[in-house]
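Working notes, structure below.
The values are calculated or read from the model by the stated rules, or taken from the named source; none is laboratory data. Small disclaimer: the values here were computed from a predicted structure and weren't measured. For neighbour counting, all protein chains shown are included, and Cβ atoms are generated from backbone atoms with ideal geometry for every residue, glycine included.
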């Protein structure tokens with residue numbers, strides 16, 4: 001009977017070419033992180049459920065993969081029973097969930113800071129590039145296992161950090177050659193709006209609902225807000241603030257370019273004049289945009305009052321990045337969290353960070369054909385194998401090339417030339433070295449350039465010089 005070989009939905013295998021391209025993404029991001037003084041850490045793939053639950057909102061909690069424990073059954077059963085079960089069913093399902101696969105890297109980072117607070121220097125600037133897991137419905141750009149590349153600074157309230165993170169975003173996507181839209185808002189503005197419409201205790205509900213507006217439409221958002229207990233008058237005021245209007249297809253403020261960001265902020269400051277929290281948020285947006293003008297006037301940031309990012313732990317500025325030329329969800333996002341460490345026993349330590357979605361970035365670069373042409377080329381030169389004598393000669397040359405940092409390999413079998421050249425073509429190896437009895441006698445190699453077919457006899461020193469160029 002044939003075995004159905006497959007992998008879980010929402011996960012993927014990666015070929016050598018794909019891995020090379022992913023490494024290009026990770027290396028590019030990491031180099032920029034290090035340029036700004038951030039240091040790497042790692043945390044376990046699984047965390048205690050008590051660490052994860054209650055941090056991501058009601059919908060986020062549902063997407064956490066829970067890891068079941070066999071603790072209860074192992075306490076009940078005898079050692080003999082357990083041994084027999086383990087022999088027959090080595091992967092038998094346990095009964096109680098105590099741990100879960102991490103949903104993101106920010107909450108584990110907050111836990112890390114609390115546990116290691118006496119070992120780190122504040123403000124602490126860290127980056128982390130690891131996989132996360134979500135029990136979500138797989139679709140384009142949405143996977144159940146994917147990599148996040150996070151950069152955070154914790155232990156500082158300065159808005160310079162927000163401006164620097166936006167500069168990091170700009171630098172990274174410039175290196176990738178991507179046209180992006182950087183959007184910014186503040187949870188404080190959303191809190192102010194909740195106050196003004198008479199629903200001060202419903203800010204999280206409002207944030208969760210409007211965060212889905214671009215996916216489900218405003219009519220569905222309205223229905224969601226009603227289910228969440230907002231009064232119709234409050235909902236009407238909310239729609240007026242967001243310039244939704246009466247028509248289902250009317251644009252939101254973020255969709256129209258009729259008014260510049262400054263006019264939007266000025267209008268909101270009038271609307272929120274009786275909300276200190278809302279005004280604080282507006283002033284912070286002004287401060288961040290002013291800092292960006294000093295850092296790099298070329299960085300364009302779009303203020304979007306409908307941007308909500310529906311995670312419970314955000315308290316200040318929130319940031320989201322989308323690619324202009326591809327239909328895709330956000331490829332980077334984050335924000336300020338004032339007291340995430342307080343949940344774990346270290347109150348009053350504010351942090352801010354952004355997360356780059358490596359898998360979505362890959363999909364965007366791939367669709368736009370923006371990967372460098374040499375990405376995926378590992379071996380620079382292949383030595384053809386004619387037999388034992390030629391092997392010995394080639395192996396001596398291989399050692400010299402590798403000592404000089406040149407990626408090289410010898411075809412392992414004395415196969416037909418056609419097969420060996422087909423191997424070089426399949427691996428996109430740019431050069432092939434050929435040495436038969438004549439070349440060995442002359443102490444040289446015939447160097448073939450695969451792209452042009454040109455051949456020339458070279459010494460090992462000349463070969464090294466050519467390949468290093």
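Looking across segment 244-287, the residues that are at pLDDT 90 or above and assigned to a helix (DSSP H, G or I) come down to 276, 277, 278, 279, 280, 281, 282, 283, 284, 285, 286, 287. Scan segment 396-424 for residues that are out of contact with any helix residue (DSSP H, G or I) (no Cβ under 7 Å at 6 or more places or on another chain) and surrounded by 12 or more Cβ atoms within 10 Å (Cβ to Cβ) and the total you get is 12. Criterion first (in contact with a strand residue (DSSP E or B) (Cβ under 6 Å, 6 or more places away or on another chain), surrounded by 12 or more Cβ atoms within 10 Å (Cβ to Cβ) and under 17 Å from residue 149 (Cβ atoms)) does residue 24 satisfy it? Judged against the criteria, residue 24 is not a match. There is no residue in segment 226-241 that is surrounded by 19 or more Cβ atoms within 10 Å (Cβ to Cβ), modelled with pLDDT of 80 or more and under 32 Å from the mean Cα position of the chain (by Cα). Considering the conditions (1) closer than 30 Å to residue 324 by Cα; (2) over 33 Å from the mean Cα position of the chain (by Cα), residue 371 is excluded by exactly one of them, (2).
Restricting the search to segment 39-59, which residues are touching a helix residue (DSSP H, G or I) at 6+ places or on another chain (Cβ under 9 Å) and in a helix (DSSP H, G or I)? Passing the criteria: 51, 52, 57, 58, 59. Of all residues in segment 272-288, those satisfying the criterion of being surrounded by 19 or more Cβ atoms within 10 Å (Cβ to Cβ) and more than 34 Å from the chain's Cα centre (by Cα) are 272, 275.
Please tell me if residue 447 is surrounded by 18 or more Cβ atoms within 10 Å (Cβ to Cβ), at pLDDT 95 or above, not in a helix (DSSP H, G or I) and not assigned by TED's automatic domain parsing to the domain that holds residue 172. In short, yes.
Determine whether segment 186-204 contains at least one residue that is touching a strand residue (DSSP E or B) at 6+ places or on another chain (Cβ under 6 Å), outside any helix (DSSP H, G or I) and either over 26 Å from residue 280 (Cα atoms) or touching a residue at least 12 places away in the same chain (Cβ under 8 Å) (or both). Checked segment 186-204: at least one residue is touching a strand residue (DSSP E or B) at 6+ places or on another chain (Cβ under 6 Å), outside any helix (DSSP H, G or I) and either over 26 Å from residue 280 (Cα atoms) or touching a residue at least 12 places away in the same chain (Cβ under 8 Å) (or both). Within segment 290-303, if we keep just the residues that are touching a residue at least 40 places away in the same chain (Cβ under 8 Å) and part of a helix (DSSP H, G or I), the residue that is farthest from residue 200 (Cα to Cα) turns out to be 295.
Only residues that are in a helix (DSSP H, G or I) and surrounded by 12 or more Cβ atoms within 10 Å (Cβ to Cβ): list them for segment 450-469, please. Let's see the steps before the verdict.
Restricting attention to segment 450-469, the residues satisfying the condition of being in a helix (DSSP H, G or I) are 460-468.
Across segment 450-469, the qualifying residues are 460, 462, 463, 464, 465, 466, 467.
Taking residues in segment 168-184 that are on the phi > 0 side of the Ramachandran plot, and partners anywhere that are at pLDDT 95 or above, the pairs with Cβ atoms closer than 6 Å and at least 6 places apart or on different chains are 177/370. Tell me yes or no: at least one residue of segment 401-415 is in contact (Cβ under 8 Å) with a residue 60 or more places away in the chain and farther than 27 Å from residue 20 by Cβ. Within segment 401-415 (the criterion being in contact (Cβ under 8 Å) with a residue 60 or more places away in the chain and farther than 27 Å from residue 20 by Cβ), the answer is no, since none of the residues qualifies.
Conditions (1) modelled with pLDDT of 95 or more; (2) in contact with a helix residue (DSSP H, G or I) (Cβ under 8 Å, 6 or more places away or on another chain), marked per residue:
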{"residue": "133", "(1), (2)": "yes, no"}
{"residue": "153", "(1), (2)": "yes, yes"}
{"residue": "160", "(1), (2)": "yes, yes"}
{"residue": "176", "(1), (2)": "yes, yes"}
{"residue": "200", "(1), (2)": "no, yes"}
{"residue": "209", "(1), (2)": "no, yes"}
{"residue": "221", "(1), (2)": "no, yes"}
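Considering only segment 302-312, state which residues are under 20 Å from the mean Cα position of the chain (by Cα) and surrounded by fewer than 23 Cβ atoms within 10 Å (Cβ to Cβ). Before you say what the answer is, go through the steps one by one.
The first filter runs over segment 302-312 and keeps only residues under 20 Å from the mean Cα position of the chain (by Cα), leaving 307-312.
309, 310, 312, listed by residue number.
Residues that are crowded, with 17+ Cβ neighbours inside 10 Å and in a loop (DSSP other than H, G, I, E, B) within segment 129-154 comprise 134, 141, 143, 144, listed in sequence order.
The residue that is modelled with the lowest pLDDT, among those in segment 1-56 that are within 20 Å of the chain's Cα centre (by Cα) and on the phi > 0 side of the Ramachandran plot, is 10.
Under 21 Å from residue 307 (Cβ atoms), in contact with a strand residue (DSSP E or B) (Cβ under 9 Å, 6 or more places away or on another chain), crowded, with 17+ Cβ neighbours inside 10 Å and modelled with pLDDT under 95: does that describe residue 330?
Numbers: under 21 Å from residue 307 (Cβ atoms): yes; in contact with a strand residue (DSSP E or B) (Cβ under 9 Å, 6 or more places away or on another chain): yes; crowded, with 17+ Cβ neighbours inside 10 Å: yes; modelled with pLDDT under 95: yes.
Yes.
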